[in-house]
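Asker: Sharing a structure, written as structure tokens. Questions coming.
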Amino acid sequence: MSQTTVVTAAKEPSLWAGGRSPYNVSYGKMMTWFFLLSDALTFGAFLISYGTTRFFSAVWPDANQVFKSFPFAGEHNLPLLFVSLMTFILIMSSVTMVLAVHAGHYGDKKNVAKWLQWTIVGGICFLSCQAWEWTHLHAECGGLWGAFTDVNTPVDQFRHFFSEKSLPYVDAHPLVAMQSAHGFFNYFFTITGFHGGHVTSGVIFNILILVNTVNGVYERRGHYEMVEKVGLYWHFVDLVWVFVFTCFYLL
Amino acid sequence: MSAHHSNSIQHLYEGDQSKLYSGVMQHHTDVNSDESKAQVKKIWKIFWILLVITVSEVIVGMFYSHNLNPAIKAFFFLGLTLLKAGYIVAVFMHLGDEFKGFIVTVLIPLVLFVWFIIAFLADGGFWLRMNESSPARHTIEHVAK
């Protein structure tokens, strides 16, 4: 009997035999992942709904025409340049965040605080860029949501959003084109707005954990898991932007 | 009396959970160790990969997007997007360092997107064809004029 026990104990016990977390992650971190999973489904639904409307439409605004402005560059035609800058800022802030998480693994309080500060700076820069872009498009559309609904809108007000190739269609069917422009901007403001809301709350979370770090809360607790959890959220926001960037600006 | 009652509140709150940190995140003490430096180096390597992918996407988007076959363009951009997403999730979010069971648990629900994308885009395309061939649309445009 006792020999059998020894043999059984020598074998690696199953992960699911109980007495330990089979995933080897804490409750808080696992739930952060599951929250992000549900958030991914929300963003996915937004983007797929955008795709459906786009497939539904005979013409669609061209990103190279809509997004060609850069602050202080006046009338120069600079397609995609500004959004590339925004993407770079967000990727960069993801790097500083993962460096903060890394410092947290080693209990390096000073570096956690340093990299969190840079992440906050990056997040604020991104939000400022978005504020500029929204202001610019607000002027282009004469509003945010619900632009281009009046059937008497002159075609000149939305013609310049379309590529050279689709202009014959736009001129032949201005109402169809207007409906596309309406859909495009509604989706644009909804999706980038929802994403921007995530960036905003991410910046707030980062400020909170920076204050906690500086006050030594995590040092006393013995680990920086909270930095990891907020880091997961922040990286997720970057991840969503990767898809928003592709769907709105590239495709 | 159980051992738990002797613990402080803070210990009950999160302290005992720190034992559940995934393997790679335990037993680190020296931030200047070779292991730590290798991890930082990897983070920067992923940064450069993400940057190069994004720059090539922007170049193709700026200069070649009108000359490319739409299907090729879509697969090119979506492939690179998924590649970037993979690097962010696996390295920056450390999902690649978790237990296999956990990775699978997080990723399986996302398979829903395969059906989701196919079904809804096909539906959009179907409605476009119906609309294009519908005499009603031309009537509406005529009335608006």
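Asker: Nearest 10 degrees, 0 to 90: what angle lies between the long axis of helix A:174-214 and the longest principal axis of chain A (Cα atoms)?
Answerer: Rounded to the nearest ten degrees, it is 30.
Asker: Now for a different question. What does the highest-first list of A:139-146, A:29-36 look like by mean Cβ count within 10 Å?
Answerer: Values: A:139-146: 13.8, A:29-36: 17.5.
The peptides rank, most packed first, as A:29-36, A:139-146.
Asker: Separate question: Sorted by average packing, counted as other Cβ atoms within 10 angstrom per residue and highest first, what order do B:90-100, B:120-130, A:209-219 take?
Answerer: Output ranking for B:90-100, B:120-130, A:209-219: B:90-100, A:209-219, B:120-130.
Asker: Right, next: When the chain is fully extended, how far beyond the present Cα-Cα distance does B:S33 get from B:D123, taking 0.36 nm per residue of separation?
Answerer: Length gained between B:S33 and B:D123: 26.8 nm.
Asker: What whole-number volume per residue, in cubic angstrom, does the convex hull of the C-alpha atoms of region A:176-226 give? Numbers along the way, then the final one.
Answerer: Working: hull volume 2.6 nm³, N = 51.
Hull volume over Cα atoms, normalised by residue count, gives 52 Å³.
Asker: Quote the charge dipole size of chain A about the Cα centre in Debye, to the nearest 20; the model charges only the Cβ of Lys and Arg (+1) and of Asp and Glu (-1).
Answerer: Value, rounded to 20: 980 debye.
Asker: Additional query: Just grab the label-to-label distance for B:V55 and A:A172, each label 7 Å out from Cα along the Cβ direction, in nm (one decimal).
Answerer: Each label point is offset 7 Å from its Cα along the Cβ direction, giving 4.3 nm.
Asker: Across peptide B:86-95, what mean number of C-beta atoms from other chains lies inside 10 Å of a residue's C-beta?
Answerer: That average works out to 6.
Asker: Can you give me the angle between helix A:225-244 and the longest principal axis of chain A, using Cα atoms only, in degrees from 0 to 90, rounded to the nearest 10?
Answerer: 30 degrees
Asker: From the mean inverse distance of alpha carbon pairs (Kirkwood) and the Cα radius of gyration, derive Rg over Rh for region A:107-227.
Answerer: Rg/Rh for region A:107-227 comes to 1.26.
Asker: Now, a different point. Under the definition of partner shielding as Cβ atoms of other protein chains within 10 Å of a residue Cβ, what is the mean value for peptide A:98-107? Write down the numbers at each step before the final one.
Answerer: Working: counts 12, 4, 0, 5, 9, 3, 2, 9, 10, 3.
That works out to 6 on average.
Asker: A follow-up question, please. Tell me, what HN-Hα J-couplings in whole Hz come from the Karplus equation 6.51 cos²θ - 1.76 cosθ + 1.60 at θ = phi - 60° for each residue of region B:64-72, using x for Gly and Pro?
Answerer: These are the phi-based 3J(HN,Hα) values: 10, 5, 8, 9, 8, 4, x, 5, 5 Hz.
Asker: I need the semi-axes of the equivalent ellipsoid of the protein assembly as shown: take the C-alpha gyration tensor, multiply each eigenvalue by 5, square-root it, list largest first in whole angstrom.
Answerer: They are 48, 24, 19 Å, listed from largest to smallest.
Asker: A follow-up question, please. By what distance, in whole Å, do the Cα atoms of region B:33-97 stretch along each of the three principal axes, largest value first?
Answerer: 51, 20, 11
Asker: Residues with beta-carbon under 13 Å from that of B:V52, excluding B:V52: net charge, scoring Lys, Arg +1 and Asp, Glu -1? Write down the numbers at each step before the final one.
Answerer: Values: positive: B:K45, B:K84; negative: B:E57.
Neighbourhood net charge equals +1.
Asker: On C-alpha positions alone, give me the angle between the axis of helix A:109-141 and the longest principal axis of chain A, in degrees, nearest 10.
Answerer: With both axes taken from Cα atoms, the answer is about 20 degrees.
Asker: Oh, and also: What percent do you get for the relative contact order of region A:114-251 when only Cα pairs under 8 Å and 6+ apart count?
Answerer: After rounding, I find 29 percent.
Bear in mind that the values in this text are calculations on the coordinates, not laboratory data. For clarity, every value in this text was computed on a predicted model and none was experimentally measured. Ideal geometry is used to build each Cβ from the backbone, glycine not excepted, and the neighbour counts take in all protein chains shown.
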